[in-house]
Amino acid sequence: MGGGFQRMGDVIADTLQRLRPPQEVLLAQLQSAWPAIVGSVVAENTRPQALKNNALVVQVKHHVWLAELRGGLEQDILRTVQQQHAPRIKRILWHVQ
């Protein structure tokens, strides 16, 4: 039984992380990395909300942003998500608030 003591907060955080479903962990990772994935301006107007059937559901603040995202940014965002975080994500579903 080697080693020293661990902080109780670290033990609890590690335990909760192991008990969380993998899908929740992936969503939390995507939410944390979102500004790096999409850039700060887009991140201020969007937020990953859920993962459903190999799709990333993203909440969008306004219809204007929805048009902009669908107009050209969507494929770049999807490619970045797939390459850096989740190859199993096959599409992005945008949902206006």
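What the table below lists for this structure:
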{"read-out": "Test: residue in the range 19-42 that is surrounded by 11 or more Cβ atoms within 10 Å (Cβ to Cβ), of a type in the set (F, W, Y), modelled with pLDDT of 85 or more and closer than 19 Å to Q82 by Cβ", "value": "yes"}
{"read-out": "Answer residue from the range 39-74, given it is touching a residue at least 24 places away in the same chain (Cβ under 8 Å) and part of a loop (DSSP other than H, G, I, E, B) and is nearest to P22 (Cα to Cα) among those", "value": "N54"}
{"read-out": "Lone qualifier among T80, T46 - being among the hydroxyl-bearing types (S, T, Y) and either surrounded by 15 or more Cβ atoms within 10 Å (Cβ to Cβ) or in contact with a Ser or Thr (Cβ under 9 Å, 6 or more places away or on another chain) (or both)", "value": "T46"}
{"read-out": "Residues located in the range 68-77, provided they are surrounded by fewer than 13 Cβ atoms within 10 Å (Cβ to Cβ) and at pLDDT 95 or above", "value": "Q75, D76"}
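The values are calculated or read from the model by the stated rules, or taken from the named source; none is laboratory data. For clarity, every value in this text was computed on a predicted model and none was experimentally measured. Cβ sites come from the backbone with ideal geometry, for glycine too, and all protein chains shown count toward neighbours.
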